[in-house]
Structures are given as structure tokens and as C-alpha cells.
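Input: a single structure, listed below in C-alpha cells.
The values are calculated or read from the model by the stated rules, or taken from the named source; none is laboratory data. Here the structure is a predicted model, which is why all the values come from computation and not from measurement. Cβ coordinates were reconstructed from backbone atoms using ideal geometry, including for glycine residues, and neighbour counts include every protein chain displayed.
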Amino acid sequence: MLAAIGETLEADDAKEVMGVVVNVRRAFYRIGVWTRTTGAKGGSKESLKEIGKRFKDVLKLEDPEKVEFSGHTDAAISGSTRARAKFSV
């Protein structure tokens with residue numbers, strides 16, 4: 001969350017990150033980064049991948065660990081916040 005507040009998850013002019021949420025569950029933690037676009041129409045998939053890479057750096061995740069992206073609409077349609085990922089970093 002501090003990386004988002006400190007605006008280190010993206011380039012200075014990107015303006016893509018809109019918010020961050022942390023869900024604490026018994027078996028796992030889920031961290032969500034809310035973005036302005038989904039990498040489809042009007043958005044850049046590459047900018048979202050860059051946010052994912054910076055996110056991994058901040059958390060010190062190794063290459064085998066994946067950061068997945070799924071859009072809010074996809075999660076709403078599937079009825080779960082664990083919608084099928086569109087892509088991963």
C-alpha cells in the first residue's frame with residue numbers, strides 16, 4: 001500500500017493506479033491494485049505489465065511467483081473476485 005501511496009508502482013505520468021486493497025483471509029492474503037483501464041480498449045496492456053513488475057519488485061517476489069491481472073467486470077460476471085486472469089507477470 002505504501003508503494004501505491006508513494007507512487008512508485010508506475011511512471012510519474014501514467015496515472016493508471018487508482019487504489020489498493022488488502023484482503024486478509026485465513027489461508028491467504030490477497031492484494032488488489034485498482035487500475036484506471038483494463039489493458040483493452042483505451043488502455044495499455046504494457047503499462048499494466050509494468051505495474052505488475054514494479055509490484056513484484058516492491059514485494060521482493062522471485063520470477064516463479066506470478067502477479068495476475070483480471071478486470072473488475074470479469075470478476076463481477078463470474079461472481080467471484082478470483083476471476084480467470086487475462087494475463088500475468
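Just a few scattered comments:
- Out of G71, G42, sole residue that is within 21 Å of K15 (Cα to Cα) and at pLDDT below 60: G42
- Residue identified as modelled with pLDDT under 65, of a type in the set (K, R) and either assigned to a loop (DSSP other than H, G, I, E, B) or surrounded by 12 or more Cβ atoms within 10 Å (Cβ to Cβ) (or both) among R82, R54: R82
- When restricted to residues that are at pLDDT below 85 and either surrounded by fewer than 10 Cβ atoms within 10 Å (Cβ to Cβ) or of a type in the set (G, A, S) (or both), the range 6-34 contains 9.
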